[in-house]
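Every number here is computed from the coordinates shown, using simple stated rules; none is lab data. Note that the structure is predicted; figures quoted are calculated from it, not measured. Cβ placement follows ideal geometry from the backbone for every residue including glycine, while neighbour counts extend to all protein chains displayed.
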Amino acid sequence: MIEVRDLWKSFKGKQVLKGVDLFIKEGEIFVVIGRSGVGKSVLLKNMVGLMKPDKGKILYKGRDLTGASEAEWKDVRREFAVVFQHSALFDSMNVGENVAFGLKRMTNLEEGEIRERVKRCLSMVGLEGAENLRISELSGGMQKRVAIARAIALNPGVIFYDEPTTGLDPIMSANITNLIIKMNREIGSTSFIITHDLRLAFTAGTTIAMLHDGKIINVGEPDTIKKSSNPIVRKFVEGIPD
Amino acid sequence: MISEFIEELGAIFILTWKTIVAVFNGEGEWREILRQMVRVGVESVPVVTLTTAFAGMVLALNSYIGFSRMGAGDYTGSVVGVALAKELIPVLTGIVIAGRVGAAITAEIGTMKVSEQIDALYTLNTDPISYLVLPRFIASIFMLPVLTLYGDGIGNLGAYFVAVYVMKVNPIIYNQYLYMYLEPWDIFTGLIKAFSFGAIIAAVGCYKGLSTEGGAEGVGKATTSSVVISSITILIADFIWGKILPWTLRG
């Protein structure tokens, strides 16, 4: 469904991605793990068109997105949704307006239909009746759930999650992990997650890839990664200090 | 330092151009534009009132002292009226609004940038220029002249109060010279300047917000820089208007 071929990206002379290759199948939960600062967020931002790669290709359903114009990206983004690391909710709006934002701008739905869709999405993430709450009134976990509701509102083909459990307590992390799995099953979208939370990776992931020094050094099912003989993967998975 | 300043001015000019193109493409939402007009205009009335009233008062006071040494104290009204309308009120209003509104624009957009809300806008197929910059730009270019016109009135009231009630200038003579020497062009010149200052404040404020990097520290730096660049650019623009445009030299 999504293919990344030999992707390179640098910033001010520093090479962050050094030829990343990935293949994400339709309907799966693909997780990229790796230490902080290895370029996981850069990879995600390249994949959703927020950054332009220096070299390489990104293909979505066989369509080459490398060098795509803004108009072409607008078309593709109708099928993409992103859940950002710090939720990135618009704090000048309430919860309902946040969830409705994309629906108002990217669909021709009537006001009543939008209200219904917002209600349904909030219900799916366990926030029934939260439409009128201000963003500042929400806990970190609730903000993540609103961000997921905003993402699923447009029935996306792919949901990208950037460190979805960062800054949450273990119980809330587990709740968000279960929510990601539930969303994947209920709306049937493909999920792409970048994280260093191994519990999330091994619980939710159907395929896990490890990014290290700008390259993917290991890809496989969770059990394959757990039993990997690669010393860098083992060190990360077992949490061995430097 | 100078090359950085010129580079930034270039980037600000490009952002302004993109915003103007968005305006002519009919982008932007009226509700948001009106909301920004209230923020820029209505909410700035108290600070503009205080600033322009005292500017008028102090100008009248010093003008009277200077003129009375030459036995021309009665001419205070004419000089004060022209100076306020052409120079002081537009520039002071511009600088005050740069501090109040320009800083707020940068802080708000800068916070959105560092908290990935700008990225979120892109992923929701929303162009930050039409959604964020355009309403602030339109609000600023239209509300600055309105505030300046209001400031002209308040500044002249302050000047009248000091000249007539403190320095004991004859009120009839004060008004006679004011109306004799203050031309509509003087007021109009001030309004043209205010229009351009509004564009400067919005363009600089939005550019600095959109180019913010880092966390809270980055937002703080961007906000400070926004006010400094806006204020300097307003003064440069005021000089250019005064020097190049022939009608500003009338009277």
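Annotations for the structure displayed:
- Other protein chain C-beta atoms within 10 Å of residue C-beta, averaged over B:124-136: 3.
- Helix B:103-114 vs. chain B, principal-axis angle (Cα, 0 to 90°, nearest 10): 10 degrees
- Note on A:79-88: average number of Cβ atoms from other chains within 10 Å of each residue's Cβ is 4.
- Between helix A:170-187 and chain A: long-axis angle, C-alpha atoms, 0 to 90°, nearest 10: 80 degrees
- Each Lys and Arg adds +1 at its Cβ and each Asp and Glu adds -1 at its Cβ; summed about the Cα centre, chain B shows a dipole of about 660 debye.
- Backbone phi angles across region A:111-125, fed through the Karplus curve with coefficients 6.51, -1.76 and 1.60 (θ = phi - 60°), yield HN-Hα couplings of 3, x, 5, 5, 4, 5, 5, 4, 4, 5, 5, 5, 5, 4, 9 Hz in residue order; Gly and Pro are listed as x.
- For chain B, the longest site-free run once trypsin sites (Lys or Arg not before Pro) in DSSP loop states with at most 12 other Cβ atoms within 10 Å are removed: B:1-167
- Under Karplus coefficients 6.51, -1.76 and 1.60, residue-wise ³J(HN,Hα) of region B:67-83 in Hz, glycine/proline x: 5, 5, 5, 9, x, 10, x, 5, 7, 3, x, 5, 5, 4, x, 5, 4
- Table column - 3J(HN,Hα) (Hz), region A:10-16, Karplus curve with 6.51, -1.76, 1.60, x for Gly and Pro: 10, 10, 6, x, 8, 7, 9
- Taking amide H atoms as placed 1.01 Å from N in the peptide plane, the amide H of A:VAL32 lies under 5 Å from those of A:ILE193, A:ILE194, A:THR195, A:ALA209, each 5 or more residues away in sequence or on another chain.
- Gyration tensor verdict on region A:11-67 (Cα atoms; rounded if a/c is under 1.5, prolate if a/b is larger than b/c, oblate otherwise): oblate
- Between 0 and 90°, nearest 10: helix B:30-40 axis offset from chain B longest Cα axis: 50 degrees
- Charge tally around A:PHE30: other residues with Cβ under 12 Å, Lys/Arg +1 each, Asp/Glu -1 each, net -3.
- Environment charge of B:ILE129, counting only residues whose C-beta is closer than 9 Å and scoring Lys/Arg +1, Asp/Glu -1: -1
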